[in-house]
1. In segment 384-411, which residues are out of contact with any Ser or Thr (no Cβ under 8 Å at 6 or more places or on another chain) and closer than 15 Å to Leu596 by Cβ?
2. If we scan segment 407-416, do we find a residue that is modelled with pLDDT of 95 or more and either of a type in the set (Asp, Glu) or under 30 Å from Ile324 (Cβ atoms) (or both)?
3. Output the residues belonging to segment 443-478 that are within 24 Å of Phe389 (Cβ to Cβ) and polar (S, T, N, Q).
4. Does segment 154-163 hold any residues that are in a helix (DSSP H, G or I) and crowded, with 24+ Cβ neighbours inside 10 Å, and which are they?
5. How many residues does segment 327-348 contain that are farther than 29 Å from His547 by Cα and within 24 Å of the chain's Cα centre (by Cα)?
6. Mind checking which residues of segment 242-283 are of a type in the set (Gly, Ala, Ser) and touching a Cys at 6+ places or on another chain (Cβ under 6 Å)?
7. Within segment 207-221, is even one residue in contact with a Cys (Cβ under 8 Å, 6 or more places away or on another chain) and not β-branched (Val, Ile, Thr)?
8. Filter segment 468-495 for residues that are assigned to a loop (DSSP other than H, G, I, E, B) and without any contact (Cβ under 8 Å) to a residue 60 or more places away in the chain; which is farthest from Leu409 (Cα to Cα)?
Amino acid sequence: MKNSAQVFLGGLLILVFFFPVFSEKPADLENQKFQVKIEEGVAALMRDGVKLQATIYRPDAEGKFPVILIRTPYNNERYGNLSPFPRYAVQRGYVVIIQDVRGRYSSEGEFLPYVQEINDGYDAVEWAAALPYSNGKVGTQGCSYLGAVQWQLATAAPPHLVAIFPQCCIANARHFFYYGGAFSLGWISWLNERIPDIKRRRGMDVSSAEETGQQWSRDREKWYRFLPLKELPLLKEFCPYYYEWLDHPDDGPYWDFVDVEKKHKNIKVPAYNLSGWFDDSYGQPGAIINFTGMRKNGKTEAAREGQKLIIGPWTHLPVFWGNITSEIGDLDFGPEAVIDLNALVIRWCDYWLKGIDNGIMDEPPIRIFVMGDNRWRSEQEWPLARTEFTPFYLHSQGKANSLNGDGFLDREQPVAENPDDYIYDPANPVTHPRGGAGPHDQRPVEVRNDVLVYTSKPLESDLEVTGPIVAEIWASSSARDTDFLFKVTDIYPDGYSQNITPTSSGVIRARYRESESEPQLLSPGKIYKFRIGEGLVYTSHVFKAGHRIRVSITSSYFPHLDRNPNTGHPFGEDAELVKATQTIYHDEKHPSRVILPIIPR
């Protein structure tokens, strides 16, 4: 089984075997008329003289064709070998260019994650448009890093960029590196996987990818637990930018190297945004933020009206690996969960790059997979206009510790109730259940006494929750800084506890409760209101009749997130770990609650 940090390891395995597009049928064989010609080692000259290398797949025919540009840090040759998309697209009349980004594999220069992608992306688009077999129209597609670079280059508005298809990618770097202020430790594994290529480029001995993976599996726990974070020796020689990230825990200008959210007003191209409800690499909120932000603030009317959003029940890795099935995590979401992404990308490009009126822009802008019902549904806006934001309040008599405690959840506001306490010990953090990303039984976490659990009565009828989820928690701590996390799960009649969102997304670091750019430490014992998960937690899920709703609260989720040492010291400098007493209040003056976006049925 894979743990959640392995999401980042998927970056090695190049994107996407893609998957069925609702009612759309795959292209007829008669459309597969072009033979594929492959050109390797094609150089593009950037404005500063650096050459970026690409493999080009194009029709073996006379004429000019639209271009689909894919920019990757994961080796253009491997992408072409592992993904059927280049050949699929060429057969349908496209040139596909797979380019190694600066400082990766065959491309010159120094790799600085995300930093160089705006200018290089702009230059790559304009170079691609000028190739003798290009008709001057360029689109882009790709997942994760390959999606983020599309948004980055779009902010520079290259003249020949026509449309983009970003998948499972971010809207801004700060929320990608620091979820609610807590640092994502997955970056350690992601950067560790980059080291063999860095060594090769420096002329050093390079261990095989298999040996690297074996070493990581053996030492993973040691590196995740290493303190202080800023003294981690693993990446010192090869990835200095990791330590720069640690030096900038607060939101601010440093993170502008990816802040598409602030630059929607500069973007003038349509975008088809794709992600999954269980994408725990910030791709799901990223897709929603980019979609809604572009609809409101895009530079042109065509850009504002040209936004599409699709979210399925998927995790991050299968989009990379191309092994999308109906089975996600523990559950089987039925045959509708499997879509043909190849066909969807080409349909999008046919409309924008070839001018084929195939009806895609006549369809509603949003397509969501409603879990529980396991059906696709079209919508017009986000959040849905008919949403009833409904508070569910926490209750107990002061013993809500674990699923065996007395915590319960309902719509009645609390009056006079004892608060709940637990000890958060960063030396013994809450860890995610085995099985990796996706829906999994959360009871192995919920049996811990440092997890507070509040469960509703069985529902009398189906209840749909679609949209943003926010927790408003009144709490105090014995520490000057600490973390609070919440999770919503669906409790089946047999007791199975299914998470309905990525399990690490509902978190706040206490010092950022008021502002992520101007942190404020806590006064120990003082009661504060924490609003958790805003802009980070979304779902579309139907709680079936007879099921129950559960909310759990704790203070760690390791190793996906770093452990708050509870000291209040500057971030990343502690080797010391201090226990903290956490108190959650739910009374008339402190009505702790989770606000669910209920859709009338």
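The values are calculated or read from the model by the stated rules, or taken from the named source; none is laboratory data. Note that this is a predicted model, so its numbers are computed, not measured. Cβ: placed from backbone, ideal geometry, glycine included. Neighbour counts: every protein chain shown.
1. Arg386, Glu388, Phe389, Thr390, Pro391, listed by residue number.
2. Yes; the residues of segment 407-416 include at least one that is modelled with pLDDT of 95 or more and either of a type in the set (Asp, Glu) or under 30 Å from Ile324 (Cβ atoms) (or both).
3. Thr455, Ser456, Ser461, Thr466
4. Ala154
5. Here the count works out to 8.
6. Those that are of a type in the set (Gly, Ala, Ser) and touching a Cys at 6+ places or on another chain (Cβ under 6 Å): Ser275, Gly283.
7. no
8. Asp494
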